[in-house]
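Scroll down for the structure; my scribbles are underneath it.
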C-alpha cells in the first residue's frame with residue numbers, strides 16, 4: 001500500500017498486531033460431524049458469505065458438532081474476531097458476533113481490545129484488491145498463512161479508530177441506501193414499459209388522438225393472400241382469447257394472425273453447421289425484444305438453398321420462438337433476407353397495410369405472453385403449434401393509427417432508455433464510491449478536522465506508538481498463559 005498516512009499513524013504487518021488463525025473441516029461424508037445452524041458450534045465457510053451484506057455474523061449454514069470440531073483443525077475464535085476468506089474468493093470479511101470457527105478457506109484475525117473491530121472490518125474491506133494480488137495458485141488463488149501475516153495494517157490511535165468506524169457506518173449506510181434506490185429503478189422501468197405497451201394495444205395511448213378522426217380499419221383488413229397460401233390451412237380453436245381481446249378498443253376490429261400474416265417456418269432437423277456461408281439465426285438468437293449476435297453460426301451455401309424452401313424473411317418481419325424454454329421470445333428482423341433460419345423459429349410476414357411493429361409491441365405484452373403459454377402444449381419443453389398460433393386474436397386499428405401508436409411507444413421507450421442509461425452510470429459511480437470513501441478513511445482524510453481539534457487524543461499515551469506497545473504487551477501476556485485443551489474450551493462455551 002501507499003506509505004501516505006497521517007502523521008502519528010503506524011503501518012505494520014498485520015501479524016504484528018493480530019493472531020492469524022486458520023480453519024479446518026472434519027470429514028464431510030460423516031453426518032455426525034455437523035449439526036443444524038444455531039444448535040452447536042458455529043462454523044463458517046466462504047459460501048456463507050456469498051451475497052452476505054451484513055457487517056457481522058453468528059452462524060453459517062450449518063454448525064459443527066462437538067465430534068466434528070474435535071476431529072478437525074478448526075479453532076474457536078472469540079466474539080469480535082475478523083473472519084477473512086483466503087480462497088474462493090479472497091477478501092470476504094465479517095465480524096464474529098459470538099465465538100465461531102471457520103473452514104480452511106479463511107485466514108482470520110484475532111485482535112486485542114486495542115483495535116476496534118468495526119475499524120478493522122472496514123480496513124480489511126479496503127485492501128481486498130491487495131489481498132487478492134498476494135494470493136497464489138493455478139486452479140484458484142489462495143492466501144497462505146505466512147503471506148496473510150505480511151498484509152500491511154494501518155494502526156490509528158484508538159479514539160480515532162472509533163471516530164473513523166462511526167463515520168464509515170454513517171457514510172456507507174447512505175451509499176447503500178442510494179444503491180438500493182437505484183437498484184429498484186430497473187424494475188420500475190420494466191413496469192413502465194409494460195404499462196406503455198398495455199395502453200398502446202388497448203387504444204388508450206391514442207384515445208384523444210383518435211377522437212374526431214374518420215378512421216376505417218375495415219379497409220386495411222382487406223389483405224390479398226398469396227396463391228401459395230390457399231384456403232386449406234388448419235386452424236385449431238384457441239382458448240382464453242379474453243385475456244387480450246377484452247382489452248382492445250371497441251373501435252377496432254379483432255383480426256387473427258392467419259388473416260394478417262404469412263407464416264414461414266422450418267421443419268425437421270436444421271442442416272449441419274458450417275464454418276462459413278449464410279448466417280444462421282436460431283431460437284438462441286431471438287431474445288425478448290431484440291436479436292442477439294450470439295451464437296454466431298452458419299449454413300453452407302448448398303445447405304442454405306435446400307433448407308430455405310419455405311420462404312425468406314424480410315426487413316421488419318417478426319421473429320417468434322415457438323417452443324423450448326425461450327418460447328414466446330419475439331424480435332423484429334433488422335438484418336434483411338440474406339440469412340438462414342432454424343427450426344423452432346417462426347417468421348411472420350405481413351399482408352397488405354400492416355405495421356409489423358405495432359403487432360410486435362402487442363406480442364411483447366404480458367397478457368399476450370400468458371395467452372401463448374395457455375395455448376402451448378408439453379411439459380419439459382412447451383411449444384405452441386402453428387395451427388393454434390394462427391387463430392390467436394390481433395387488434396387491428398387503422399394503418400394511420402398503427403403508425404401513430406408505434407411513434408408514441410418509441411418516444412416513451414426512448415425516454416425510458418435514457419433514464420436507464422443514467423441509472424446505469426449512477427450505479428457505476430455508486431459502486432466505486434464505497435472504495436473511494438474507504439480509501440479516504442484510511443488516508444486520514446475523514447478525520448483531519450477531528451485530529452486538529454483533539455490533539456490530546458492522538459498523542460502521548462493515546463498515540464499509535466503507545467497503542468502498539470500495549471498490543472505487543474497484551475499479546476505476549478496471552479502467549480505465556482497456558483492454553484486450555486481444545487475440547488475443554490468448547491465445553492466451557494457450551
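Where a number appears in this text, it was derived from the coordinates with a stated rule and is not lab data. It should be emphasised that the depicted structure is a prediction, and the values quoted were computed from it without experimental measurement. Every residue, glycine as well, gets a Cβ built from its backbone with ideal geometry; the counts of neighbours run over all protein chains shown.
Beyond 24 Å, what share of the Cα-Cα pairs of the range 16-141 is found? Please give it as a whole percent.
Details: 1892 of 7875 pairs.
Result for the distance tail: 24 percent.
Please compute, over every Cα-Cα pair in the range 216-396, the percentage with a separation greater than 22 angstrom.
Values: 7342 of 16290 pairs.
Roughly 45 percent, rounded to a whole number.
Calculate the spin-label point distance for residue 79 paired with residue 374, positioning each point 7 Å from the Cα along the beta-carbon direction, and give it in nanometres.
Roughly 5.8 nm, to one decimal.
Quick check on the exposure proxy: order 377, 356 from fewest to most C-beta atoms within 10 angstrom. Intermediate values should be presented prior to the final figure.
Numbers: 377 10, 356 22.
Fewest to most other Cβ atoms nearby, the residues stand as 377, 356.
Evaluate the distance, in nm, between pseudo-label points positioned 7 Å from the Cα of residue 419 and of residue 273 along their respective Cα→Cβ axes.
3.9
May I ask you to sort 327, 77, 363, 315 by Cβ crowding, counting other Cβ atoms within 10 Å and putting the fewest first? Show your work: numbers first, answer last.
On the way: 327 20, 77 23, 363 26, 315 11.
Ascending Cβ contact count within 10 Å gives the list 315, 327, 77, 363.
Can you check how the C-alpha radius of gyration of the range 66-127 compares to 2.2 N^0.38 Å, as a plain ratio?
Details: Rg = 12.0 Å, N = 62, 2.2 N^0.38 = 10.6 Å.
That works out to 1.14 for the range 66-127.
Need the full-extension length gain, residue 188 to residue 385, defined as separation in residues times 0.36 nm minus the C-alpha distance. One decimal, nm. If you can, show how the numbers build up before the last one.
Values: separation 197, 0.36 × 197 = 70.92 nm, distance 3.39 nm.
67.5 nm is the gain from fully extending residue 188 to residue 385.
Which percent, nearest 5, of DSSP beta bridges in the range 216-396 are antiparallel? Mind showing how you got there, number by number?
Details: 23 of 25 bridges.
Once the DSSP bridges in the range 216-396 are tallied, antiparallel ones form about 90 percent.
Between residue 146 and residue 430, take the C-beta separation as r, use R0 = 60 Å, and let me know the FRET efficiency to the nearest 0.05.
Values: r = 37 Å, r/R0 = 0.61.
The computed FRET efficiency comes out at 0.95.
Given a Förster distance of 51 angstrom, what is the FRET efficiency for residue 292 paired with residue 480, based on the Cβ-Cβ distance and rounded to 0.05?
Once rounded, the FRET efficiency stands at 0.15.
Let me have the 222 nm mean residue ellipticity of the chain computed from DSSP H runs of 4+ only, each contributing -39500 (n - 2.57), with the sum over all residues rounded to the nearest 500.
Details: 17 runs with 190 residues, N = 494.
It lands at -11500 deg cm²/dmol.
Counting alpha carbon pairs within less than 8 Å and at least 6 residues apart, what relative contact order, in whole percent, applies to the chain? Numbers along the way, then the final one.
Working: 829 pairs, mean separation 87.9, N = 494.
Averaging sequence separation for qualifying contacts and normalising by length gives 18 percent for the chain.
Length gain on complete extension for the stretch residue 88 to residue 246, per 0.36 nm per residue less the alpha carbon to alpha carbon distance? Write down the numbers at each step before the final one.
Numbers: separation 158, 0.36 × 158 = 56.88 nm, distance 5.38 nm.
Gain on extension, residue 88 to residue 246, equals 51.5 nm.
Arranged from highest to lowest average of other beta-carbon atoms within 10 Å per residue, in what order do the peptides 150-157, 6-13 appear?
On the way: 150-157: 21.4, 6-13: 15.1.
With the highest mean Cβ count within 10 Å placed first, the list reads 150-157, 6-13.
Whole Å is fine, so just give me how far the alpha carbon centre of the range 375-416 lies from that of the range 19-35.
Cα centroid of the range 375-416 versus Cα centroid of the range 19-35: 56 Å apart.
Could you work out the relative contact order of the range 216-396, using alpha carbon pairs under 8 angstrom and six or more residues apart, expressed as a whole percent? Numbers along the way, then the final one.
Values: 337 pairs, mean separation 61.2, N = 181.
Reported relative contact order: 34 percent.
Quick check: residue separation of residue 237 and residue 310 times 0.36 nm, minus the Cα distance between them. What number comes out in nm? Don't skip to the end; give the middle numbers.
Numbers: separation 73, 0.36 × 73 = 26.28 nm, distance 2.49 nm.
Answer, rounded to one decimal: 23.8 nm.
For the chain, build the convex hull from the C-alpha positions and give me its volume per residue in Å³. Present the calculation step by step, with values, prior to reporting the outcome.
Working: hull volume 107.2 nm³, N = 494.
Each residue corresponds to 217 Å³ of Cα convex hull volume.
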